[in-house]
1. Of all residues in the stretch 284-311, how many are among the hydrophobic types (A, V, I, L, M, F, W, C) and open to solvent by 10 Å² or more (accessible area, probe 1.4 Å)?
2. Working carefully through the options Lys372, Lys435, Lys421, find the one that is under 25 Å from Gly318 (Cβ atoms), open to solvent by 100 Å² or more (accessible area, probe 1.4 Å), part of a helix (DSSP H, G or I) and not β-branched (Val, Ile, Thr).
3. For the stretch 317-327, indicate whether the set of residues that are open to solvent by 60 Å² or more (accessible area, probe 1.4 Å) and either of a type in the set (Lys, Arg) or in contact with a Lys or Arg (Cβ under 8 Å, 6 or more places away or on another chain) (or both) is non-empty.
4. Scan the stretch 213-230 for residues that are surrounded by 18 or more Cβ atoms within 10 Å (Cβ to Cβ) and not hydrophobic (A, V, I, L, M, F, W, C) and jot them down.
5. Check whether at least one residue in the stretch 317-330 is of a type in the set (Val, Ile, Thr), assigned to a loop (DSSP other than H, G, I, E, B) and under 23 Å from His397 (Cβ atoms), and report yes or no.
6. For the stretch 328-347, what are the residues that are open to solvent by less than 30 Å² (accessible area, probe 1.4 Å) and without any contact (Cβ under 8 Å) to a residue 40 or more places away in the chain?
7. Identify, please: which residue in the stretch 250-279 is open to solvent by less than 30 Å² (accessible area, probe 1.4 Å) and among the polar types (S, T, N, Q) and is, among those, farthest from Val310 (Cα to Cα)?
Amino acid sequence: MKVKVINRIEEDFTKERKQDLKKVHRNFDPNIHQFEKAHEYTRALNAAKLERIFAKPFIAALPHEDGVTALCRNPKTINSIVSGCADGAVRIWDIAQKRTLRRLVGHTGAVRGLSFAPDGESVVSCSTDCTVKLWKVPYAPLEAGHVEAQQQAVLEFQGSNAFRSIDHHWSRNMFATASTAVDVWDHERSEPVHTFTWGADTVISVRFNPAEADIFATTGSDRSIALYDLRISTPVRKLVMQTRCNALAWNPMEAFNFTVANEDCNLYSYDMRKFTSATCVHQDFVSAVLDVDYSPTGREFVAGSYDRSVRIFKYNGGHSRDVYTAKRMQRVFCVRFSGDASYVMSGSDDMNVRVWKAEASEQLGQLLPREKKKKAYNQALLERYKHMDEVKRITRHRHLPAAIFKAARQRRVIVDSESKKLQKRIAHSKPGSIKIKPERRKKIVAEVE
């Protein structure tokens, strides 16, 4: 005996609200809908316009008593970050409630680096007062309200010089500090376990590799990028550039790749196995880039600059996909992605930590199924018609402060004039006498092993 059963998807036939119409089934035969491409293009154009209309990335500002010089996010919780100020204060923030959980008192100089332990229960901070302090991190209470309290350090490590950066090991109770040399410390010892030096008067930043945790990279005042390995007593490799690198960040999903923030207004991505050429040059800033941090997805990163702007780049994109500025925002010293890659935090010289949306036009809160489908459909339309002139113009346009706009225009004039000068030199010289260096190799001076 045959049984015929009607199979239906519930969400296709159920109303979400009383005002909703019942689903109308359409015939998708292309011969019936002759103007479907034209209609799709119009929808893509409207989607691009609406995306720019609803682009409101700024969420909140967390006030401090001095310029914010360091930031780090908790690897175990999404709603917790720690900020360090130029007055020596360290604050633990509950982002969701926009409140300070603890004010960590102890440093007498500017806090230059912060890093969480892998368990998320402790954080280390370094300062220009030649000390490193280890603090315990409390969890945010469920009840709302003001809970700020002062807290003292659990451990203190004394150095001989001012510290510039710090990073915690991904699996062990060890951390590395950057000053006149790279010192590796253990939680149980008061003196460094290892000390690495290689030419630089001052080491500016240090970062452990998230995949191969015993390897770490540093940037120095001698314009170098150096690789070290804890398992051997000597450095591994060194790259010297034309200008100094201020910060470094590893790609969490591609263990060999990292990106450095440079003084020449650009960021450079490298593969640690091949230093002869950069994998990508990221442009658009008009002043020195001061910090960089990768998204947990590894598909994009955020950078902050001396020109008072924050930009988000694709990991392989030459230009930024978005730029965030505020009227009162000053030099951006530190930037961080949130643990779920939905938000961006920036700390600047105007005594504020600002929280931004990673997607400027993203709707916050719980989305209904039809809203999710509409969003996915609009994204698919923009992806299909992104090469069209009008759609490209709308999606790429950004309003910039006058200072940044004029500096970018002047920078374009300088680059164009240098390009024309090179073309004329080639035209009036013996063939083959002038060798052109690619942009990815132009800034590399030497590689040392």
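1. 3
2. Details: Lys372 fails: under 25 Å from Gly318 (Cβ atoms); Lys435 fails: part of a helix (DSSP H, G or I).
Of the residues listed, the single one that is under 25 Å from Gly318 (Cβ atoms), open to solvent by 100 Å² or more (accessible area, probe 1.4 Å), part of a helix (DSSP H, G or I) and not β-branched (Val, Ile, Thr) is Lys421.
3. In the first step, residues of the stretch 317-327 are kept if they are open to solvent by 60 Å² or more (accessible area, probe 1.4 Å); the result is 319, 327.
Narrowing the set further to residues that are either of a type in the set (Lys, Arg) or in contact with a Lys or Arg (Cβ under 8 Å, 6 or more places away or on another chain) (or both) leaves 327.
Looking through the stretch 317-327, at least one residue is open to solvent by 60 Å² or more (accessible area, probe 1.4 Å) and either of a type in the set (Lys, Arg) or in contact with a Lys or Arg (Cβ under 8 Å, 6 or more places away or on another chain) (or both).
4. Hits for the stretch 213-230 are Thr218, Thr219, Gly220, Arg223, Ser224, Tyr228.
5. As a first pass, look at the stretch 317-330 and keep what is of a type in the set (Val, Ile, Thr): 323, 325.
Narrowing the set further to residues that are assigned to a loop (DSSP other than H, G, I, E, B) leaves 325.
When the remaining residues are screened for being under 23 Å from His397 (Cβ atoms), the result is 325.
There is at least one residue in the stretch 317-330 that is of a type in the set (Val, Ile, Thr), assigned to a loop (DSSP other than H, G, I, E, B) and under 23 Å from His397 (Cβ atoms).
6. Result: Met329, single match.
7. Among residues in the stretch 250-279 that are open to solvent by less than 30 Å² (accessible area, probe 1.4 Å) and among the polar types (S, T, N, Q), the one farthest from Val310 (Cα to Cα) is Ser277.
Okay, residues lined up against (1) open to solvent by 30 Å² or more (accessible area, probe 1.4 Å); (2) more than 21 Å from Ile59 (Cβ to Cβ); (3) acidic (Asp, Glu); (4) not assigned by the TED database to the domain that holds Ala176:
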site: Lys76; (1), (2), (3), (4): yes, yes, no, no
site: Ile81; (1), (2), (3), (4): no, no, no, no
site: Ile92; (1), (2), (3), (4): no, no, no, no
site: Arg99; (1), (2), (3), (4): no, no, no, no
site: Leu104; (1), (2), (3), (4): no, yes, no, no
site: Thr108; (1), (2), (3), (4): yes, yes, no, no
site: Ser115; (1), (2), (3), (4): no, yes, no, no
site: Ser125; (1), (2), (3), (4): no, yes, no, no
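The values are calculated or read from the model by the stated rules, or taken from the named source; none is laboratory data. Just so we're clear, the structure is a prediction, and the values are computed from it rather than from any experiment. So basically every Cβ, Gly included, is an ideal-geometry build from the backbone, and we count neighbours across all protein chains shown. Each accessible area value is taken on the protein alone, full model and side chains, heavy atoms only, with ligands, DNA and RNA left out. Shrake-Rupley method; radii C 1.70, N 1.55, O 1.52, S 1.80 Å.
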